[in-house]
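**Student:** Here you go, one structure.
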Ligand SMILES: [Fe+2]
């Protein structure tokens, strides 16, 4: 499968896939990316091709009511990051922006309820829709620094993807909102009506849904940062970020979550 890793290297249509998500976070049901763990290199790699898009995505909230609170929270944060990072991306466009804004508002309205009341179908449907819509946005824009760092962190230290993303997201918002204060203020208001700083609104949501771990809880120390930063610097997601980040900036984001 490693022969297929990279952009558009799939040269035949695969078996038709109908995707029925049972978490509300990755948006895999509408994505052109397949993320694989390469156990030899200890890295995550991705196949990117329009050919691997599922033919049908079926969103049924009843299939997510059994998802435990911690997975609801972590996967919900993955969806939030897809929307926020897509919105900030240097490759954003009017279509992706509309999707991203819509997803952020849905997550602000529904994630706490989905975590607190797992059987609430309105909240579950809101989160499934948000996850799907956020990935529709991210398909054309790539993401940002939170994913650039979360992917190698997750691969090297076995941190669940959504948890790793949640560790990085408030710091990334704080870093980016200095460069683009207006755009991030708009997002803050969509996530939490009345909020003006996205980093604070994201941080408040994160603690409300119980995502309280730090990197040290996952046995990641300062000495582990360099290889994570090296992979992140080579990522397209770093190039998509609205504020240019160097190795020192990325190390600072990790330090803020230590
Ligand atoms: Fe993600």
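The values are calculated or read from the model by the stated rules, or taken from the named source; none is laboratory data. These numbers were taken from a predicted model, which means no experiment stands behind them. Cβ atoms come from the backbone with ideal geometry, glycine included; neighbour counts cover every protein chain shown.
**Student:** Please enumerate the residues belonging to the range 219-251 that are surrounded by 19 or more Cβ atoms within 10 Å (Cβ to Cβ) and closer than 30 Å to residue 116 by Cα.
**Tutor:** 220
**Student:** Here's something else I'd like to know. Where residues in the range 178-196 are free of Cβ contacts under 8 Å to residues at least 60 places away in the same chain and over 23 Å from residue 111 (Cα atoms), which of them is surrounded by the most Cβ atoms within 10 Å (Cβ to Cβ)?
**Tutor:** Restricting to residues being free of Cβ contacts under 8 Å to residues at least 60 places away in the same chain and over 23 Å from residue 111 (Cα atoms), the top hit is 181.
**Student:** Answer yes if at least one residue in the range 202-223 is in a loop (DSSP other than H, G, I, E, B), in contact (Cβ under 8 Å) with a residue 12 or more places away in the chain, under 18 Å from the mean Cα position of the chain (by Cα) and on the phi > 0 side of the Ramachandran plot, and no otherwise.
**Tutor:** Within the range 202-223, one or more residues are in a loop (DSSP other than H, G, I, E, B), in contact (Cβ under 8 Å) with a residue 12 or more places away in the chain, under 18 Å from the mean Cα position of the chain (by Cα) and on the phi > 0 side of the Ramachandran plot.
**Student:** Looking at the range 67-86, can you tell me whether even one residue there is in a loop (DSSP other than H, G, I, E, B) and out of contact with any helix residue (DSSP H, G or I) (no Cβ under 8 Å at 6 or more places or on another chain)?
**Tutor:** The initial filter retains those residues of the range 67-86 that are in a loop (DSSP other than H, G, I, E, B), namely 67-68.
In the following step, the residues that additionally are out of contact with any helix residue (DSSP H, G or I) (no Cβ under 8 Å at 6 or more places or on another chain) were identified as 68.
Among the residues of the range 67-86, at least one is in a loop (DSSP other than H, G, I, E, B) and out of contact with any helix residue (DSSP H, G or I) (no Cβ under 8 Å at 6 or more places or on another chain), which makes the answer yes.
**Student:** Follow-up. Can you pull out every residue in the range 154-169 that is more than 12 Å from the ligand (Cβ to nearest atom) and crowded, with 24+ Cβ neighbours inside 10 Å?
**Tutor:** Just the residues of the range 154-169 that are more than 12 Å from the ligand (Cβ to nearest atom), to begin with: 155-159, 167.
Selection gives 167 alone.
**Student:** Right, something else. Check off (1) within 16 Å of the ligand (Cβ to nearest atom); (2) outside any helix (DSSP H, G or I) for residue 147 and give me the number that stays unchecked.
**Tutor:** That leaves (2) as the condition not met.
**Student:** So which residues in the range 5-27 are part of a strand (DSSP E or B) and either modelled with pLDDT of 95 or more or closer than 27 Å to residue 62 by Cα (or both)? Even if it seems obvious, please write down each step before you answer.
**Tutor:** Initially, the range 5-27 is screened for residues part of a strand (DSSP E or B), giving 6-7, 18-19.
Residues satisfying the conditions are 18, 19.
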